[in-house]
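This report refers to the structure that appears directly beneath it.
Please treat every number below as a calculation from the coordinates, not as lab data. All of these numbers come straight from a predicted model, not from anything done at the bench. Here Cβ is always computed from backbone atoms with ideal geometry, including for glycine, and neighbour counts include all displayed protein chains.
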Number of protein chains: 2
Amino acid sequence: MKRGLLFIVTAPSGAGKSTILDRLLEIFPGMEYSISMTTRPPRKGETDGVDYFFVTGKEFEDKIADGEFLEYATVYDNYYGTRKAFIESRLDAGKDIILDIDVQGALDVKKKGYPAVYIYIIPPTMAELRKRLEGRKTDSREVVEKRLSKAAEETGFYGEYDYVVVNDDLDGAVDAMRAIVVAEKCRPSGIGDAIERFLGK
Amino acid sequence: MKRGLLFIVTAPSGAGKSTILDRLLEIFPGMEYSISMTTRPPRKGETDGVDYFFVTGKEFEDKIADGEFLEYATVYDNYYGTRKAFIESRLDAGKDIILDIDVQGALDVKKKGYPAVYIYIIPPTMAELRKRLEGRKTDSREVVEKRLSKAAEETGFYGEYDYVVVNDDLDGAVDAMRAIVVAEKCRPSGIGDAIERFLGK
């Protein structure tokens with residue numbers, strides 16, 4: 001079984017990340033989203049082990065103490081985190097994993113030196129991002145301004161990523177993401193088996 | 001003008017490199033082959049500055065002394081080399097350049113720390129390579145054996161390359177090469193202009 005690759009994807013809210021990633025998962029049937037662990041109670045229709053791994057605060061904090069998380073964060077008094085053992089088992093099963101986290105989480109994983117492909121997605125301009133966020137009509141003016149300021153701040157870290165995909169056109173952005181996946185599968189570290197086959201070993 | 005990228009491509013004789021590269025150049029109109037400088041006399045139909053830059057031995061050796069070459073080699077008593085100034089001017093003109101050289105040449109360029117994307121192309125198996133070389137009916141048995149042994153030896157250096165493309169199926173190999181080009185154009189080092197446009201600077 002050829003080991004899968006971990007793709008860490010960050011994008012400002014409104015960049016079109018979910019649409020792009022859903023399209024990517026249609027292209028690569030062996031690709032799946034990482035499943036986070038959280039202390040937030042399950043909502044109606046959510047299944048443990050499918051949407052999230054639901055645990056208590058005590059369980060989560062024990063795992064923090066044991067260093068089980070690649071990254072974790074607190075959002076509205078709830079913990080959310082990615083367990084290293086979960087990622088490892090899926091990669092070992094040959095799955096490519098998409099881990100959709102913010103800049104802080106991505107930098108935490110990178111600091112740990114965990115092998116992954118880091119991708120940052122941006123919309124073409126801040127003006128376009130404002131248009132998309134305002135077009136949603138779900139966020140207050142204040143929330144929109146907050147998201148825009150976070151987008152500008154986070155984008156300052158683009159140099160920490162392996163790739164930056166500009167979502168000025170959905171098909172182009174999906175093609176670029178697909179290209180990154182195909183290219184990363186040609187890395188020498190992952191094709192030892194092809195070399196051995198070539199040399200007839 | 002966005003600066004182009006340099007792609008250094010190596011493949012054993014018979015790997016199908018020329019076919020793949022010709023297809024790649026059809027896909028990317030802004031891509032072109034590097035033009036070597038040589039002391040070999042022009043053959044009928046060859047044009048200076050198109051097929052090669054033709055120079056005398058004295059001229060070539062002066063340029064070696066001046067450190068003008070990214071790499072050079074001697075083949076049948078003639079020099080062949082790639083001038084750094086030529087590559088620079090084409091990259092500055094926004095062209096992506098394919099430099100098709102052997103492992104020794106590629107390692108020479110890499111040792112100089114010159115920024116480039118290193119790609120190694122292999123056929124699926126040595127048996128298939130033998131079949132392709134014997135199928136040409138142009139090489140003597142001895143030459144075929146020499147090429148096979150060189151292929152096995154050179155492939156030992158695959159880990160020095162950024163990417164390895166296995167040409168088991170032409171369309172798949174062309175798609176992988178295209179993906180590498182598209183992905184490399186998403187590198188943060190090359191998209192400063194997109195970031196500035198996003199931030200409205």
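Numbers for the structure displayed
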quantity	calculated
Failed condition for B:Arg197, given (1) facing chain A (nearest Cβ under 8 Å); (2) free of Cβ contacts under 8 Å to residues at least 12 places away in the same chain; (3) within 21 Å of the chain's Cα centre (by Cα)	(3)
Hits in the range A:168-191 - residues which are exposed (fewer than 14 other Cβ atoms within 10 Å of the Cβ) and either at the interface with chain B (Cβ under 9 Å from one of its Cβ atoms) or charged (D, E, K, R) (or both)	A:Asp169, A:Asp171, A:Ser189
Residue list for the range A:123-165, restricted to those being among the β-branched types (Val, Ile, Thr) and more than 9 Å from chain B (Cβ to nearest Cβ)	A:Thr138, A:Val143, A:Val144
Leading residue by the ranking (surrounded by the most Cβ atoms within 10 Å (Cβ to Cβ)) among those in the range A:103-114 that are touching a residue at least 12 places away in the same chain (Cβ under 8 Å) and not hydrophobic (A, V, I, L, M, F, W, C)	A:Gly105
Identity of the residue in the range A:134-148, over 17 Å from A:Ile122 (Cα atoms) and in contact with a Leu (Cβ under 9 Å, 6 or more places away or on another chain), that ends up surrounded by the fewest Cβ atoms within 10 Å (Cβ to Cβ)	A:Val143
Total residues in the range B:115-133, condition surrounded by fewer than 21 Cβ atoms within 10 Å (Cβ to Cβ) and in a helix (DSSP H, G or I)	6
Among (1) in contact with a Gly (Cβ under 9 Å, 6 or more places away or on another chain); (2) assigned to a loop (DSSP other than H, G, I, E, B); (3) at negative phi - the single one A:Lys63 does not satisfy	(2)
Residue within the range B:108-117 that is within 15 Å of the chain's Cα centre (by Cα) and within 13 Å of another protein chain (Cβ to nearest Cβ) present	yes
